[in-house]
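Student: For reference, the structure I am asking about is given below.
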Amino acid sequence: MVTMKFGGAVLRSPEGFRQMATILRKTNEPVLVVVSAFASATRDLEFAARLAAKGLPAEAHERLLQVIDDHRALMRSLLPVPAIRDALDALVEGVHAAASELLSAIAVTRQLTPKTLDKLLAFGEFLALHIARHVLVSDDLDVVGVDAGEVMITTNDHGRAVPIPDAIRTRVNTVLKPALQEHQIVLVQGFVGRGQDGSTTTMGRESSNLTATVLGSALGVREIVIWTDVEGIRSADPHLCDHTRLRPELSWSEARVAANVGLKLLYPTMIEPAESHNIPIRFACAARPNGESSLIGRSSKPCEPIVITREGAEGATDIVTVFADASPWLTAASQAVSELNEADPFFVSCDRPSSGYRFTTSFGSAPRITRCFHDALVNTTRL
């Protein structure tokens with residue numbers, strides 16, 4: 001048995017759905033699939049809520065309508081059979097009506113509570129679950145959908161809810177395991193859960209990976225695979241740097257270090273459930289499933305340097321390098337300073353190597369400086 005998570009970066013186009021279907025068709029074992037909201041749906045829903053709270057209902061409803069129209073356009077591309085598409089369109093219209101009602105209430109009261117925001121944001125994952133299920137069923141795959149609220153029991157801390165392992169384990173035994181005995185594929189949405197009081201909760205941004213590791217651990221799967229649009233964990237963001245190199249293995253402790261300093265794909269909370277059950281986490285590219293991938297687990301080989309770009313304070317950008325020695329990093333920092341214009345601010349912090357060496361500069365200079373660090377460290381370590 002395996003758990004797979006397909007994120008918004010994959011499920012943002014018809015091609016991404018076809019990639020998911022191809023991967024699942026070639027999987028010859030029961031699989032729990034965790035899906036995220038498509039593309040920017042979560043951000044757009046939150047923006048609509050903020051607009052409503054500012055007393056701008058027309059703008060809020062316009063942003064919501066754009067989210068709904070994006071999902072309808074995706075459905076038209078993915079579901080050629082009118083009867084299937086029409087049935088799903090009725091569900092989408094129901095979501096539109098419910099979300100519109102929430103936005104109208106927010107606009108009247110000018111109040112946006114974490115509980116209300118959770119309820120609104122959950123619509124993105126709800127749509128993802130049902131559209132993905134219809135697509136896979138229409139592709140003749142043996143699949144059933146399970147609402148995350150049935151299994152992901154959390155605290156009542158809206159916006160930052162914490163999974164409750166014992167309660168989740170009970171639900172996994174009574175809900176997920178029987179479903180996986182009857183169907184090869186069980187779909188569940190990430191990011192959301194159900195509080196102990198029965199309300200809809202969310203576990204923080206990018207927490208669909210947490211859903212995958214929590215449920216995968218409770219099921220006792222052999223591996224958790226996170227499918228993305230990048231081949232594994234790279235030496236830097238391939239959208240910023242050319243010729244990035246694969247980091248094929250990270251130990252649990254290295255993964256925590258990288259997650260804590262902001263490496264995309266990795267989030268601190270997702271690691272512990274898998275580590276405690278010794279279930280490896282693999283990062284692979286959905287477009288190239290047989291290509292390079294990275295494995296997090298019990299690795300004895302030290303990881304090579306990774307250059308991480310993250311948002312810093314007051315509009316600045318931090319460029320953090322982990323798993324590098326001080327000497328080559330200082331050489332790279334010197335080269336980076338020479339690349340800056342006289343007016344460009346910068347700040348260097350290299351007193352905590354366990355947390356990475358940090359070079360802070362302006363947002364506009366960050367891509368160029370990231371490439372400078374990456375090129376220097378690649379050459380120094382002969383990757």
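Student: Kindly put VAL188, VAL162, VAL230 in sequence by how many other C-beta atoms sit within 10 Å of each C-beta, fewest to most.
Tutor: Fewest-to-most ranking of VAL188, VAL162, VAL230: VAL162, VAL230, VAL188.
Student: So what is the calculated 222 nm ellipticity per residue for the chain, using -39500 (n - 2.57) for each DSSP H run with n of 4 or more, over all residues, to the nearest 500 deg cm²/dmol? Please report the intermediate quantities before stating the final value.
Tutor: Values: 12 runs with 173 residues, N = 383.
Per the formula, -14500 deg cm²/dmol.
Student: Report the label-to-label distance for GLU62 and ASP140 in nanometres (one decimal), using points 7 Å from each Cα along the Cα→Cβ vector.
Tutor: 4.7 nm
Student: In a shell of Cβ-Cβ distance under 10 Å around PRO248, excluding PRO248 itself, what net charge do Lys and Arg (+1) and Asp and Glu (-1) give?
Tutor: Numbers: positive: ARG245, ARG247, LYS301; negative: GLU249, GLU292, GLU304.
Its environment carries a net charge of 0.
Student: As I understand it, the value is the acute angle between the Cα axis of helix 14-25 and the longest principal axis of the Cα atoms of the chain; what does it come to in degrees, rounded to 10?
Tutor: Between helix and principal axis, roughly 80 degrees.
Student: Let me ask another. Please arrange GLU125, GLU314, GLU254 by counting, for each residue, the other beta carbons lying within 10 Å of its beta carbon, fewest first.
Tutor: Details: GLU125 27, GLU314 5, GLU254 20.
If I rank by nearby Cβ atoms, fewest first, I get GLU314, GLU254, GLU125.
Student: Let me ask something else. In which sequence would ARG133, ARG222 go, from the one with the fewest C-beta neighbours within 10 Å to the one with the most?
Tutor: ARG222, ARG133
Student: Further question: If the viscosity is 1.567 mPa s and the temperature 4 °C, what Stokes-Einstein diffusion coefficient in µm²/s follows for the chain when Rh is the Kirkwood radius over Cα pairs?
Tutor: The diffusion coefficient I find is 59 µm²/s.
Student: Report, in degrees rounded to the nearest 10, the 0 to 90 angle that the Cα long axis of helix 366-381 makes with the longest principal axis of the chain.
Tutor: Taking Cα atoms only, the helix is inclined about 60 degrees.
Student: With both partners inside the chain, how many of the DSSP beta bridges are antiparallel, as a percent to the nearest 5?
Tutor: Beta bridges within the chain, antiparallel portion: roughly 45 percent.
Student: Given the C-alpha centroids of the stretch 358-373 and the stretch 294-345, what is the distance between them in whole angstrom?
Tutor: With the stretch 358-373 and the stretch 294-345 each reduced to a Cα centre, they are spaced 9 Å.
Values quoted throughout were computed directly from the atomic coordinates according to the rules given, and no laboratory measurement underlies them. Just so it is clear, the model here is predicted, and its values are computed rather than measured. Please note: Cβ atoms are built from the backbone with ideal geometry, for glycine as well, and neighbour counts cover all protein chains shown.
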